[in-house]
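Reading through the C-alpha coordinates given below for one structure.
The values are calculated or read from the model by the stated rules, or taken from the named source; none is laboratory data. Computed from a prediction, not measured in an experiment: that's the story for all the values here. Here the Cβ positions follow ideal geometry from the backbone for every residue, glycine too, while neighbour counts run over all protein chains shown.
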Amino acid sequence: MVLTDDRPPHGERREHLLTVAKRVFAVRGFQATTMDDIAKEAGFTKPILYQYFESKPDLYREIVTSTAQKMVWKLAHIVAKAETPREKIEVAFAVYFEMVVNDPDAFRVLFIHSHDGENAGELRKVELMLVSFVEPFIDVSISDEHRNQLAGGIVGMAEGAAVRWLVQQNALGWPTPPSNEAQRLASRIATLAWGGLRAIQLED
(Lines give C-alpha, C1' and ligand atoms only; values in the text may rest on other atoms or scores of the structure.)
Protein backbone atom coordinates (compact mmCIF):
# COMPACT_ATOMS: atom_id res chain seq x y z
CA MET A 1 0.00 0.00 0.00
CA VAL A 2 1.29 3.45 -0.91
CA LEU A 3 0.87 6.09 1.75
CA THR A 4 -0.15 9.52 0.51
CA ASP A 5 0.99 12.81 2.01
CA ASP A 6 -2.05 15.08 2.35
CA ARG A 7 -0.02 18.01 3.64
CA PRO A 8 -0.14 21.10 1.39
CA PRO A 9 3.07 21.94 -0.51
CA HIS A 10 5.55 24.25 1.22
CA GLY A 11 4.69 27.28 -0.91
CA GLU A 12 0.95 26.74 -0.56
CA ARG A 13 1.20 26.41 3.21
CA ARG A 14 3.33 29.56 3.40
CA GLU A 15 0.77 31.56 1.40
CA HIS A 16 -2.00 30.25 3.63
CA LEU A 17 -0.13 31.40 6.73
CA LEU A 18 0.43 34.84 5.20
CA THR A 19 -3.26 35.17 4.30
CA VAL A 20 -4.38 34.18 7.79
CA ALA A 21 -1.79 36.42 9.46
CA LYS A 22 -2.90 39.35 7.33
CA ARG A 23 -6.49 38.86 8.43
CA VAL A 24 -5.58 38.56 12.12
CA PHE A 25 -3.26 41.60 12.04
CA ALA A 26 -5.95 43.60 10.23
CA VAL A 27 -8.49 42.90 12.96
CA ARG A 28 -6.29 43.04 16.09
CA GLY A 29 -3.30 45.14 15.08
CA PHE A 30 0.36 44.26 15.47
CA GLN A 31 0.77 44.73 19.21
CA ALA A 32 -2.30 42.72 20.23
CA THR A 33 -1.62 39.79 17.88
CA THR A 34 0.55 36.86 18.98
CA MET A 35 2.14 34.09 16.97
CA ASP A 36 -0.10 31.72 18.94
CA ASP A 37 -3.15 33.59 17.62
CA ILE A 38 -1.98 33.24 14.03
CA ALA A 39 -1.02 29.58 14.34
CA LYS A 40 -4.35 28.70 15.96
CA GLU A 41 -6.34 30.62 13.33
CA ALA A 42 -4.38 28.91 10.55
CA GLY A 43 -4.90 25.45 12.04
CA PHE A 44 -1.21 24.78 12.72
CA THR A 45 1.06 24.61 15.74
CA LYS A 46 3.31 27.52 16.63
CA PRO A 47 6.50 25.51 15.87
CA ILE A 48 5.27 25.03 12.32
CA LEU A 49 4.63 28.77 11.98
CA TYR A 50 8.21 29.42 13.13
CA GLN A 51 9.49 27.10 10.41
CA TYR A 52 8.29 29.70 7.90
CA PHE A 53 8.78 32.98 9.76
CA GLU A 54 11.45 33.72 12.36
CA SER A 55 9.40 36.22 14.35
CA LYS A 56 6.22 38.25 14.45
CA PRO A 57 7.98 41.39 13.10
CA ASP A 58 9.43 39.37 10.20
CA LEU A 59 5.98 38.00 9.37
CA TYR A 60 4.43 41.46 9.59
CA ARG A 61 7.11 43.04 7.41
CA GLU A 62 6.64 40.38 4.77
CA ILE A 63 2.91 41.14 4.59
CA VAL A 64 3.61 44.88 4.24
CA THR A 65 6.40 44.38 1.67
CA SER A 66 4.54 41.86 -0.49
CA THR A 67 1.39 44.00 -0.50
CA ALA A 68 3.36 47.10 -1.50
CA GLN A 69 5.25 45.26 -4.24
CA LYS A 70 2.07 43.79 -5.63
CA MET A 71 0.45 47.23 -5.65
CA VAL A 72 3.38 48.96 -7.40
CA TRP A 73 3.73 46.15 -9.96
CA LYS A 74 0.04 46.34 -10.84
CA LEU A 75 0.14 50.13 -11.02
CA ALA A 76 3.13 50.07 -13.39
CA HIS A 77 1.60 47.35 -15.55
CA ILE A 78 -1.78 49.04 -15.99
CA VAL A 79 -0.59 52.65 -16.12
CA ALA A 80 1.85 51.81 -18.93
CA LYS A 81 -1.17 51.39 -21.23
CA ALA A 82 -2.40 54.95 -20.60
CA GLU A 83 -1.15 57.71 -22.90
CA THR A 84 -1.40 61.17 -21.29
CA PRO A 85 -0.26 62.17 -17.77
CA ARG A 86 -3.86 62.80 -16.77
CA GLU A 87 -4.94 59.35 -17.98
CA LYS A 88 -2.03 57.78 -16.11
CA ILE A 89 -2.97 59.47 -12.83
CA GLU A 90 -6.65 58.55 -13.22
CA VAL A 91 -5.85 54.93 -14.08
CA ALA A 92 -3.44 54.76 -11.12
CA PHE A 93 -6.21 55.87 -8.76
CA ALA A 94 -8.55 53.26 -10.24
CA VAL A 95 -6.01 50.47 -9.68
CA TYR A 96 -5.21 51.71 -6.18
CA PHE A 97 -8.82 51.80 -5.01
CA GLU A 98 -9.63 48.47 -6.65
CA MET A 99 -6.98 46.94 -4.41
CA VAL A 100 -8.30 48.82 -1.36
CA VAL A 101 -11.84 47.57 -1.96
CA ASN A 102 -10.89 44.02 -2.97
CA ASP A 103 -8.22 43.42 -0.32
CA PRO A 104 -9.20 45.59 2.67
CA ASP A 105 -7.24 43.44 5.14
CA ALA A 106 -3.98 44.28 3.37
CA PHE A 107 -4.71 47.99 3.42
CA ARG A 108 -5.75 47.97 7.06
CA VAL A 109 -2.35 46.44 7.82
CA LEU A 110 -0.60 48.96 5.55
CA PHE A 111 -2.31 52.23 6.35
CA ILE A 112 -3.88 51.85 9.78
CA HIS A 113 -1.86 49.42 11.90
CA SER A 114 1.52 50.20 10.31
CA HIS A 115 1.45 53.57 12.07
CA ASP A 116 2.13 51.74 15.32
CA GLY A 117 5.55 51.85 16.97
CA GLU A 118 8.32 49.91 15.26
CA ASN A 119 6.24 49.40 12.13
CA ALA A 120 5.97 53.09 11.27
CA GLY A 121 9.12 52.78 9.14
CA GLU A 122 7.48 50.14 6.97
CA LEU A 123 4.64 52.51 6.11
CA ARG A 124 7.12 55.27 5.24
CA LYS A 125 8.83 52.92 2.78
CA VAL A 126 5.52 52.22 1.06
CA GLU A 127 4.66 55.90 0.88
CA LEU A 128 8.05 56.81 -0.61
CA MET A 129 7.63 54.03 -3.17
CA LEU A 130 4.28 55.46 -4.23
CA VAL A 131 5.61 59.03 -4.34
CA SER A 132 8.43 57.92 -6.65
CA PHE A 133 5.87 56.19 -8.85
CA VAL A 134 3.64 59.27 -9.16
CA GLU A 135 6.34 61.91 -9.70
CA PRO A 136 6.99 61.29 -13.44
CA PHE A 137 3.30 61.82 -14.24
CA ILE A 138 3.23 65.41 -12.93
CA ASP A 139 3.95 66.93 -16.31
CA VAL A 140 4.35 70.63 -15.51
CA SER A 141 7.39 72.90 -15.60
CA ILE A 142 8.36 73.01 -11.94
CA SER A 143 11.43 72.14 -9.92
CA ASP A 144 12.16 68.55 -8.87
CA GLU A 145 11.63 69.53 -5.24
CA HIS A 146 8.21 71.01 -6.03
CA ARG A 147 7.27 67.94 -8.08
CA ASN A 148 8.25 65.65 -5.21
CA GLN A 149 6.09 67.64 -2.79
CA LEU A 150 3.09 67.47 -5.11
CA ALA A 151 3.54 63.73 -5.59
CA GLY A 152 3.53 63.37 -1.81
CA GLY A 153 0.32 65.36 -1.65
CA ILE A 154 -1.37 63.16 -4.25
CA VAL A 155 -0.33 59.99 -2.42
CA GLY A 156 -1.55 61.52 0.82
CA MET A 157 -4.98 62.23 -0.67
CA ALA A 158 -5.32 58.65 -1.88
CA GLU A 159 -4.13 57.24 1.42
CA GLY A 160 -6.44 59.51 3.42
CA ALA A 161 -9.46 58.56 1.33
CA ALA A 162 -8.58 54.86 1.63
CA VAL A 163 -8.26 55.08 5.42
CA ARG A 164 -11.59 56.88 5.77
CA TRP A 165 -13.29 54.30 3.56
CA LEU A 166 -11.87 51.45 5.65
CA VAL A 167 -12.99 53.14 8.89
CA GLN A 168 -16.47 53.70 7.46
CA GLN A 169 -16.72 50.08 6.29
CA ASN A 170 -15.67 48.88 9.73
CA ALA A 171 -18.33 51.06 11.39
CA LEU A 172 -20.94 49.55 9.07
CA GLY A 173 -19.87 45.98 9.82
CA TRP A 174 -18.04 45.38 6.52
CA PRO A 175 -20.97 45.20 4.11
CA THR A 176 -20.33 44.01 0.55
CA PRO A 177 -19.41 47.17 -1.37
CA PRO A 178 -21.19 48.08 -4.63
CA SER A 179 -19.55 46.74 -7.79
CA ASN A 180 -18.55 50.27 -8.83
CA GLU A 181 -17.19 51.31 -5.42
CA ALA A 182 -13.53 51.39 -6.45
CA GLN A 183 -14.25 53.46 -9.54
CA ARG A 184 -16.40 55.85 -7.52
CA LEU A 185 -13.60 56.45 -5.02
CA ALA A 186 -11.03 56.79 -7.79
CA SER A 187 -13.11 59.33 -9.71
CA ARG A 188 -13.58 61.52 -6.65
CA ILE A 189 -9.88 61.66 -5.77
CA ALA A 190 -8.71 61.90 -9.40
CA THR A 191 -10.97 64.91 -9.95
CA LEU A 192 -9.64 66.57 -6.81
CA ALA A 193 -6.00 65.81 -7.66
CA TRP A 194 -6.21 66.87 -11.29
CA GLY A 195 -8.07 70.05 -10.42
CA GLY A 196 -5.25 70.94 -8.05
CA LEU A 197 -2.55 70.18 -10.60
CA ARG A 198 -4.24 72.38 -13.20
CA ALA A 199 -4.08 75.31 -10.81
CA ILE A 200 -0.32 75.06 -10.34
CA GLN A 201 1.77 77.91 -11.69
CA LEU A 202 4.33 76.92 -14.28
CA GLU A 203 7.07 78.75 -12.40
CA ASP A 204 8.14 78.21 -8.80
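Pull out all pairs, ordered by first then second residue, where Cβ-Cβ is under 7 Å, the residues are six or more apart or on different chains, the first lies in the range 33-48 and is basic (Lys, Arg), and the second is surrounded by 15 or more Cβ atoms within 10 Å (Cβ to Cβ).
Close Cβ pairs satisfying both conditions: LYS46/MET35; LYS46/ALA39.
Give the residues of the range 98-131 that are assigned to a helix (DSSP H, G or I), charged (D, E, K, R), out of contact with any Lys or Arg (no Cβ under 7 Å at 6 or more places or on another chain) and at pLDDT below 90, sorted by residue number. Steps first, answer last, please.
Within the range 98-131, the subset assigned to a helix (DSSP H, G or I) is 98-102, 104-111, 113-115, 117-131.
Remaining after also requiring charged (D, E, K, R): 98, 105, 108, 118, 122, 124-125, 127.
Checking which are out of contact with any Lys or Arg (no Cβ under 7 Å at 6 or more places or on another chain) leaves us with 98, 108, 118, 124-125, 127.
Those that are assigned to a helix (DSSP H, G or I), charged (D, E, K, R), out of contact with any Lys or Arg (no Cβ under 7 Å at 6 or more places or on another chain) and at pLDDT below 90: ARG108, GLU118, ARG124, LYS125, GLU127.
Sort out which residues of the range 68-109 are of a type in the set (A, V, I, L, M), closer than 19 Å to ALA151 by Cα and touching an Asp or Glu at 6+ places or on another chain (Cβ under 9 Å), and write them in order of number.
Across the range 68-109, the qualifying residues are ALA68, VAL79, ALA82.
Restricting attention to the range 59-85, report how many residues are assigned to a helix (DSSP H, G or I) and farther than 15 Å from VAL20 by Cα. Break it down stepwise before answering.
Initial filter on the range 59-85 (assigned to a helix (DSSP H, G or I)): 59-79, 85.
Of the ones still in play, those that are also farther than 15 Å from VAL20 by Cα are 65, 68-79, 85.
Going through the range 59-85 one residue at a time, the tally reaches 14.
Among the residues of the range 154-180, write down those that are of a type in the set (A, V, I, L, M, F, W, C) and touching an Asp or Glu at 6+ places or on another chain (Cβ under 9 Å).
VAL155, TRP165
Could you tell me whether GLU181 is under 20 Å from VAL131 (Cβ atoms) and either out of contact with any helix residue (DSSP H, G or I) (no Cβ under 9 Å at 6 or more places or on another chain) or modelled with pLDDT of 90 or more (or both)?
Values: under 20 Å from VAL131 (Cβ atoms): no; either out of contact with any helix residue (DSSP H, G or I) (no Cβ under 9 Å at 6 or more places or on another chain) or modelled with pLDDT of 90 or more (or both): yes.
In short, no.
Going through the range 46-56 one residue at a time, which ones are outside any helix (DSSP H, G or I) and within 18 Å of GLU15 (Cβ to Cβ)? I'd like the intermediate steps shown before the answer.
Just the residues of the range 46-56 that are outside any helix (DSSP H, G or I), to begin with: 53-55.
Result: PHE53, GLU54.
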